[in-house]
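For reference, the structure discussed in these notes is given below.
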Amino acid sequence: MNRLEKIDSILLVSFLALLIFPLPYMLRHLDDNTLTSWRWVFADGRMLKVFGIIALGIIAAFFMARTTFPDRNPPLFLFLLSFLTVVPLWQEPEVILDASRYFLQAKHLELYGIRHFFLEWGGAIGVWTDLPVVPFFYGIIFKHLGEVRIFIQVFNTALFSFTIVLTYLIGRILWNKETGLCAGLLLLGIPYLLTQVPLMLVDVPTMFLVTLCLYTFLNAVQTGGIPRIALSSVAIFLALFTKYSTWPMLLILPVISFISMKQSSFMAAQRIILRRSIAVLATAGISAVAVLLAKYDVFTDQINILRTYQWPGLDRWKESFASTFLFQVHPFISISALLGVFAAIRKRDVRFLIPGWFAVFVLALQVERIRYLLPLFPLLALMAAYGLNELKYPEVKRFVALCAVTASLALILGAYLPFLNKSTMANLRDAGRYLDTLPGEAVVIHALQQKESAGNTEMAIPILDLFTRKRLIYPQERTLHPAGGKIKESPLRFSWEFRPPQFYSEDTTADNYSAAVISSESENPSQSPFSKGGTIFTLPFHSSPIVGEGARRREISSPPFAKGGVGGFSLKTFASDTGAFRYKTFVTVFSRIRLAETAQ
């Protein structure tokens, strides 16, 4: 009888796993996500391909659910599975412009050292509303391993995998090993989250540090010991300086103390837990206050921006809960999390308040943008794993979790990744790789203003820099901040605070240059400004002329556009575009024609 019940449950889950994709697909007009909306990723008709991969994934999930390997070593299984899952996504371009800020901060540390980084953070190093911890680690990687994106991606992927392991450990502490294992698996069932892991952003490292805070604080208050208390204090300190949104997130720590005390029936044990909690929070708090006072003016300015711009902006930059929890999070996770809420209420399980902090954070603050929720996704996974405990058989629980994982991978590989690889931000990646094949060590950059977007094209320069080993030179005068409320209220307002750093104008003794134009329009070579009245400008530290427009140095008329090049320069354009985004980065590269090519 038990075997028949188990088979019936697996067949029902299989049917729902197949059905749950076509239904959101038909309702995809409701998805208002600003990066991977189903309206965009399925615009080219990838539905059947993704559906086929999901069907194969259900079969694979069935066999994986029956394996015994996870039982022998769940942390190793989860780490390897999650790491290998993300590796194919390393080809993804940097699709979010915020990466420019973190790259510039990291490059300052790489070039000028740790002391300069901390002294000039908020001064020569523009920081907008960023905090220093994650750019610091990125800068250390650049300094010791090289300014190569793959090292950042390995770092972030490892942090993501460790986050999944920590989620498992928290679930095991609160309930049991099976709950922790399902929670770790379910974290892979959030396709939007997977797209963020390879990017040079702060969200995934923030998620790791927040999860590390929860795990180390649980250990510190329940077990005690100076090493555990010290480790928990360090984790909290680092998390406080990764992102301002972690400040309200970490209000969960007193909740953990309360729950730990409530679970103890002895007054003396409760006092011990209280003393441990105070020791951890006081140590982290005193350290954090010292840093805040050391950079008081910088933090004050940032908090003022958050108060007057970022917080009101949440009402303008909303993404609906339907988009987040129906499309960008697998519905199995959302449904299981709701089931977990009802189960915890019925059982009066006070421990559920810890993962339930996700719901409190979302509802109390009305956070309707998925990137701001991302650091708390491990709590959502724990809520869902608790809900799966309502199912009778462990194999069925794992099967549900693995169906969410395989569907997430199908979406990523079949729709999200092809879509993102055709975005205009992919042009920066492709142009950077092409520049590395050209002779010479330097590239002169020219940025044209956006036609439709409120963003500043200059902010794309650091992302191009991330993808090339060439030295970038940006000789233009700084673009003036446009007047008007459109820029003031735009989510890309930070791009107008861009100040070209010194290392983009430093002298070089190179004898050979290429030039690149970044614009919001794909230029036809025959309509290029270089074809009619373009200019050649001479940099003060170099005697050879470089093709460019609007240069700030001595201008000489360029020859007319010629077949195969412009006055001895060949031309190559990178013009991928999905049409989904207003901010566009088309790249046109001008390079000196090789003698062999000229002779033909």
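With Phe118, Phe79 as the choices, which residue is farther than 21 Å from Leu472 by Cβ, in contact (Cβ under 8 Å) with a residue 60 or more places away in the chain and part of a helix (DSSP H, G or I)?
Sole residue among the options that is farther than 21 Å from Leu472 by Cβ, in contact (Cβ under 8 Å) with a residue 60 or more places away in the chain and part of a helix (DSSP H, G or I): Phe79.
I'm trying to understand the selection: among the residues of region 431-480, which are of a type outside the set (Gly, Ala, Ser) and in a helix (DSSP H, G or I)?
Residues of region 431-480 that are of a type outside the set (Gly, Ala, Ser), as a first pass: 433-439, 441, 443-446, 448-452, 456-459, 461-480.
Matches in region 431-480: Arg433, Tyr434, Leu435, Thr457, Glu458, Met459, Ile461, Pro462, Ile463, Leu464, Asp465, Leu466.
Quick check on region 5-27: of everything there that is open to solvent by 70 Å² or more (accessible area, probe 1.4 Å) and farther than 19 Å from Phe399 by Cβ, which residue is nearest to the chain's Cα centre (by Cα)?
Applying the filter and picking the extreme gives Leu27.
Go through the residues of region 29-44 one by one and say whether even a single one is without any contact (Cβ under 8 Å) to a residue 24 or more places away in the chain and either out of contact with any Pro (no Cβ under 9 Å at 6 or more places or on another chain) or buried (at least 19 other Cβ atoms within 10 Å of the Cβ) (or both).
Within region 29-44 (the criterion being without any contact (Cβ under 8 Å) to a residue 24 or more places away in the chain and either out of contact with any Pro (no Cβ under 9 Å at 6 or more places or on another chain) or buried (at least 19 other Cβ atoms within 10 Å of the Cβ) (or both)), the answer is yes, since at least one residue qualifies.
(1) modelled with pLDDT of 80 or more; (2) part of a loop (DSSP other than H, G, I, E, B); (3) out of contact with any helix residue (DSSP H, G or I) (no Cβ under 6 Å at 6 or more places or on another chain): which one isn't true of Ala516, the others all being true?
Result: Ala516 fails condition (2) only.
Cβ contacts < 9 Å: first residue among the basic types (Lys, Arg), restricted to region 442-463; second residue open to solvent by 10 Å² or more (accessible area, probe 1.4 Å), any location; separation 6+ or different chain. Result?
That search, which allows pairs on different chains as well, returns Lys451/Ser520; Lys451/Glu521; Lys451/Arg582; Lys451/Lys584.
This table checks each residue for (1) assigned to a loop (DSSP other than H, G, I, E, B); (2) at pLDDT below 90.
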residue: Asp8; (1), (2): no, yes
residue: Phe15; (1), (2): no, no
residue: Tyr25; (1), (2): no, no
residue: Asp32; (1), (2): yes, no
residue: Trp40; (1), (2): no, no
residue: Ala43; (1), (2): yes, yes
residue: Ile59; (1), (2): no, no
residue: Leu84; (1), (2): no, no
residue: Leu97; (1), (2): yes, no
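Pick from region 247-270 the residues that are outside any helix (DSSP H, G or I) and of a type outside the set (S, T, N, Q): which of them is most open to solvent (accessible area, probe 1.4 Å)?
The residue in question is Phe266.
Which ones in region 231-245 are under 18 Å from Thr167 (Cα atoms) and crowded, with 22+ Cβ neighbours inside 10 Å? Steps first, please.
First, pick out the residues of region 231-245 that are under 18 Å from Thr167 (Cα atoms): 231-232, 235-236, 239.
Of everything in region 231-245, those that are under 18 Å from Thr167 (Cα atoms) and crowded, with 22+ Cβ neighbours inside 10 Å turn out to be Ser232, Ala235, Ile236, Ala239.
Is one or more of the residues making up region 321-335 open to solvent by less than 10 Å² (accessible area, probe 1.4 Å), of a type outside the set (Lys, Arg), touching a residue at least 60 places away in the same chain (Cβ under 8 Å) and not in a helix (DSSP H, G or I)?
There is at least one residue in region 321-335 that is open to solvent by less than 10 Å² (accessible area, probe 1.4 Å), of a type outside the set (Lys, Arg), touching a residue at least 60 places away in the same chain (Cβ under 8 Å) and not in a helix (DSSP H, G or I).
Here is a check on your reading of the model: is Leu104 open to solvent by 60 Å² or more (accessible area, probe 1.4 Å), of a type in the set (A, V, I, L, M, F, W, C), part of a helix (DSSP H, G or I) and over 18 Å from Leu185 (Cβ atoms)?
no
Pull out all pairs, ordered by first then second residue, where Cβ-Cβ is under 7 Å, the residues are six or more apart or on different chains, the first lies in region 45-72 and is farther than 19 Å from Ile20 by Cβ, and the second is surrounded by fewer than 17 Cβ atoms within 10 Å (Cβ to Cβ).
Arg66/Glu395
Looking only at region 271-290, count how many residues are of a type outside the set (S, T, N, Q) and open to solvent by less than 50 Å² (accessible area, probe 1.4 Å).
The first filter runs over region 271-290 and keeps only residues of a type outside the set (S, T, N, Q), leaving 271-276, 278-282, 284-286, 288-290.
Narrowing the set further to residues that are open to solvent by less than 50 Å² (accessible area, probe 1.4 Å) leaves 273, 279-280, 282, 284-285, 288.
Residues that pass the stated criteria total 7.
State which residue is most open to solvent (accessible area, probe 1.4 Å) when the search covers only region 417-456 and only residues that are of a type in the set (D, E, K, R) and more than 23 Å from Phe503 (Cβ to Cβ).
Checking each candidate, the answer is Lys451.
If we keep just the residues of region 123-146 that are in contact with an Asp or Glu (Cβ under 7 Å, 6 or more places away or on another chain) and surrounded by fewer than 19 Cβ atoms within 10 Å (Cβ to Cβ), which is nearest to Pro462 (Cα to Cα)?
So, considering only residues that are in contact with an Asp or Glu (Cβ under 7 Å, 6 or more places away or on another chain) and surrounded by fewer than 19 Cβ atoms within 10 Å (Cβ to Cβ), the one nearest to Pro462 (Cα to Cα) is Gly126.
The values are calculated or read from the model by the stated rules, or taken from the named source; none is laboratory data. Since the structure is predicted, the reported quantities are computational estimates derived from the model, not experimental observations. We place every Cβ from the backbone using ideal geometry, glycine too, and count neighbours over all the protein chains shown. The accessibility values were calculated without ligands, DNA or RNA, using every heavy atom of the protein model including side chains. Shrake-Rupley method; radii C 1.70, N 1.55, O 1.52, S 1.80 Å.
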